[in-house]
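**Student:** One structure, as structure tokens, below. Some questions next.
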Amino acid sequence: MRHLRAATKGILKRVEDLSGKSIQFVSDEKLPLLATLQIARNGADFHVLRYKPSAESLDYLIAFQAGFVLRLYENEPDQRFDFSPAPDAGRRAESLILDGLALSADERKALPAFADSVAQWALMNLRSLPIGMRIDRWIADDFAELRAQQQACIAVQVQQNVDLLSFRQGKLSIPTGLLAGIASYALFAERLLGDGSFSVPYGAAGALTRGEQLLSLLDGVPSGPQYDCELVDRWAAAAGLAGWYNWIPYVP
């Protein structure tokens, strides 16, 4: 891509040198996120990064997504794993959502699809948030020129997460225990950016204590990429998500 900063180009070169594959960029204005990365698997020639062309912080977004490739490939080949949701994750989410609720006929009909959506969201956060915090710390420490873009993107992400506190369909809502991941992200953002207000809504929602617990796990696990699976597993146990996913060998 043109007009990228020297730091970003250096990160892209490191991805190519380490993985043997470059990142192909795909512009997608309909993308629900600012950017997302598909790591090359099963003989694919490229890693594919999709991004919103209207995104203003493209250098940071590329650096952040590239960080996942780097952390995967910095492990020995037999220690590289893909994260795979368990087939019954939606049913597990159902039991949490139903806890103590008396549903109408329409709500009960809507429950399976709602639970599948909640499970997908919770597992995406489990896979991306703790490792993403490692990546954000790396960017903040090593790439001062990306700091302003990083701050802007984190502020947007924090606000999008807060909006989920009111996400509901009738009586159906995200269980409080599953909000711990985004509560921990808010606490992490406060620490990284020096803003003391991001976590306030999670106190009112009853998710802050468990969010603090998750952040303490981040501090208690070594930061090297060889510990990423352990970090995710510890988060899963603390957040009630153990058994919702499997680790499978990564096939390049």
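No value in this document is a laboratory result; all are computed from the given coordinates. Not measured: the values here are computed from a predicted model. Virtual Cβ from ideal backbone geometry, glycine too; neighbours counted across all protein chains shown.
**Student:** Of all trypsin sites (Lys or Arg not before Pro) in the stretch 9-98, which ones are in loop regions per DSSP and have a Cβ with at most 15 other Cβ atoms within 10 Å? Show your work: numbers first, answer last.
**Tutor:** On the way: sites: 9, 13, 14, 21, 30, 41, 50, 71, 80, 91, 92; in loops: 21, 30, 41, 80.
Of the trypsin sites (Lys or Arg not before Pro), the ones in loops of the stretch 9-98 whose Cβ has at most 15 other Cβ atoms within 10 Å are 30, 41.
**Student:** At q = 0.10, 0.20, 0.23 Å⁻¹, what is the log10 ratio I(q)/I(0) for the stretch 29-146, with the Debye formula run over Cα points and no solvent?
**Tutor:** Scattering profile of the stretch 29-146, log10 relative to I(0): -0.45, -1.17, -1.33.
**Student:** Please get the size of the charge dipole for the stretch 36-121, origin at its Cα centre, with Cβ charges of +1 on Lys and Arg and -1 on Asp and Glu, quoted in debye to the nearest 20. Please list the in-between numbers first.
**Tutor:** Values: 9 positive and 13 negative charges, 34 e Å.
Here the size comes out at about 160 debye.
**Student:** I want to make sure I understand the PRE zone here: with the label point 7 angstrom from the Cα of residue 13 toward its beta carbon, which residues in the stretch 129-155 have backbone N atoms less than 17 Å away?
**Tutor:** Under cut-off, by backbone N: 143.
**Student:** Stretch residue 197-residue 82 to full length: gain in nm at 0.36 nm per residue minus the Cα-Cα span?
**Tutor:** Length difference between fully extended and current span is 37.9 nm.
**Student:** I've got another one for you. Quote the charge dipole size of the chain about the Cα centre in Debye, to the nearest 20; the model charges only the Cβ of Lys and Arg (+1) and of Asp and Glu (-1).
**Tutor:** Values: 25 positive and 29 negative charges, 75 e Å.
Roughly 360 debye for the chain.
**Student:** Pick out, from 201, 167, 235, the residue whose Cα sits farthest towards the positive end of the charge dipole of the chain, with +1 on the Cβ of Lys and Arg and -1 on the Cβ of Asp and Glu.
**Tutor:** Toward the positive end, the furthest listed residue is 167.
**Student:** Further question on the same structure: Return the Rg/Rh ratio of the stretch 6-74 with Cα-based radii and a Kirkwood Rh.
**Tutor:** Values: Rg = 11.5 Å, Rh = 12.1 Å.
My calculation puts Rg/Rh at 0.95.
**Student:** A further question on this structure: With contacts defined as alpha carbon pairs under 8 Å and 6 or more residues apart, what's the relative contact order of the stretch 69-164 in percent? If you can, show how the numbers build up before the last one.
**Tutor:** Working: 32 pairs, mean separation 21.6, N = 96.
So the answer I get is 22 percent.
**Student:** Looking only at the stretch 158-200, which residues have a backbone nitrogen under 17 Å from a spot 7 Å from the Cα of residue 101 in the C-beta direction?
**Tutor:** 164-180
**Student:** Take residue 6, project a point 7 Å from its Cα along the Cβ direction, then tell me which residues of the stretch 137-162 have their backbone nitrogen under 17 Å from it.
**Tutor:** 142-147
**Student:** Kirkwood hydrodynamic radius, computed over distinct alpha-carbon pairs, for the stretch 186-252: how many Å, to one decimal?
**Tutor:** On the way: mean 1/r = 0.0736 Å⁻¹.
Averaging 1/r across every pair of different Cα atoms and inverting gives 13.6 Å.
**Student:** Shifting gears a bit: Using unit Cβ charges (K, R positive; D, E negative) and no other charged atoms, how large, in debye to the nearest 20, is the dipole of the stretch 6-74 about its Cα centre? Please list the in-between numbers first.
**Tutor:** Working: 9 positive and 8 negative charges, 21 e Å.
Dipole magnitude for the stretch 6-74 comes out near 100 debye.
**Student:** Separate question: If you average the alpha carbon positions of the stretch 193-252 and of the stretch 9-76, how far apart do those two centres end up, in angstrom?
**Tutor:** Between the Cα centres of the stretch 193-252 and the stretch 9-76 lies a distance of 23 Å.
**Student:** Of the lysine pairs in the chain, how many meet both conditions: Cα atoms under 16 Å apart, and a spacing of 8 or more in sequence or different chains? Walk me through the numbers on the way to the answer.
**Tutor:** Values: 9/21; 13/21; 30/52; 109/171.
Here the count comes out as 4.
**Student:** Can I ask one more? When the distances between all Cα atoms of the chain are binned every 10 Å from zero, what whole-number percent does each bin get?
**Tutor:** So the P(r) values, bin by bin, are 7, 29, 36, 22, 6, 1.
**Student:** Quickly work out the residue 120-to-residue 251 label distance, labels modelled 7 Å from Cα along the C-beta direction, and quote it in nm with one decimal.
**Tutor:** Going by the 7 Å Cα→Cβ label model, 2.4 nm.
**Student:** Which whole-number percent gives the relative contact order of the chain, counting Cα pairs below 8 Å spaced six or more residues apart? Walk me through the intermediate numbers first.
**Tutor:** Values: 326 pairs, mean separation 55.6, N = 252.
Answer for the chain is 22 percent.
**Student:** Also, quick follow-up: What's the percent breakdown of Cα-Cα distances in the stretch 139-242 across 5 Å bins, shortest bin first?
**Tutor:** Histogramming the stretch 139-242 at 5 Å steps yields 2, 12, 20, 20, 20, 15, 7, 2, 1, 0 percent.
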